[in-house]
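The values are calculated or read from the model by the stated rules, or taken from the named source; none is laboratory data. Owing to the predicted nature of the structure, the values given are computational and were not obtained by experimental measurement. Cβ coordinates were reconstructed from backbone atoms using ideal geometry, including for glycine residues, and neighbour counts include every protein chain displayed. These area figures cover heavy atoms from the full protein model, side chains too; ligands, DNA and RNA do not enter into them. Shrake-Rupley method; radii C 1.70, N 1.55, O 1.52, S 1.80 Å.
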Amino acid sequence: MGALYRFGVSLEKELIDEFDAHVRERNYPNRSEAIRDLIRQELTKREWATGGVVAGAVVMTYDHHKRELVNKLLDVQHDYQDCIISTQHVHLDHHHCLEIIAVRGNARDIERLAGSIKSYMGVKQVSMSLSMAGE
Ligand code: NI
């Protein structure tokens with residue numbers, strides 16, 4: 001094992017409570033081990049996903065009352081129209097929306113699209129389910 005580095009992370013109370021429940025359920029000895037595991041999973045996912053053409057879905061939930069958020073989400077989807085096949089929108093409640101974006105294209109482009117979406121205030125969660133698309 002290489003040198004160990006420490007870093008601080010700030011989280012909302014609800015999120016850390018849920019994370020601690022996850023740590024207990026999975027029998028991790030501590031938060032650090034659980035975070036290491038999450039980081040490894042993400043890096044592995046990125047590694048295989050950046051190899052070529054992928055197809056799948058980008059799924060997000062957001063608060064549509066956040067200022068300018070809907071326009072930003074529309075703009076970014078137009079920027080990535082080459083890899084977006086279709087979008088499904090579900091109104092979850094008065095504030096929240098679920099959007100499922102079907103994608104097919106270069107894995108790096110789709111990662112960039114998801115990264116932009118994640119960066120907007122009001123976006124609660126973004127996840128991707130991608131498969132190799134052949135070729
Ligand atoms: Ni909606």
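Taking the stated definitions as given, is Arg36 more than 26 Å from Ser10 (Cβ to Cβ) and open to solvent by 60 Å² or more (accessible area, probe 1.4 Å)? Spell out how you get there, then give the answer.
Details: more than 26 Å from Ser10 (Cβ to Cβ): no; open to solvent by 60 Å² or more (accessible area, probe 1.4 Å): yes.
In short, no.
List every residue pair whose Cβ atoms sit under 6 Å apart, with the two residues 6 or more apart in sequence or on different chains, where the first one lies in the range 8-33 and is among the charged types (D, E, K, R) and the second, anywhere, is surrounded by 10 or more Cβ atoms within 10 Å (Cβ to Cβ).
Pairs found: Arg31/Val23.
When the residues of the range 65-94 are filtered to those that are open to solvent by less than 70 Å² (accessible area, probe 1.4 Å) and within 14 Å of the ligand (Cβ to nearest atom), which remaining residue is farthest from Ser119 (Cα to Cα)?
Of the range 65-94, the ones open to solvent by less than 70 Å² (accessible area, probe 1.4 Å) are 69-70, 73, 76-77, 80, 83-84, 86-87, 90.
Filter again for within 14 Å of the ligand (Cβ to nearest atom), leaving 69-70, 73, 87, 90.
Values: Leu69: 11, Val70: 13, Leu73: 11, Thr87: 19, Val90: 21 Å.
My answer is Val90.
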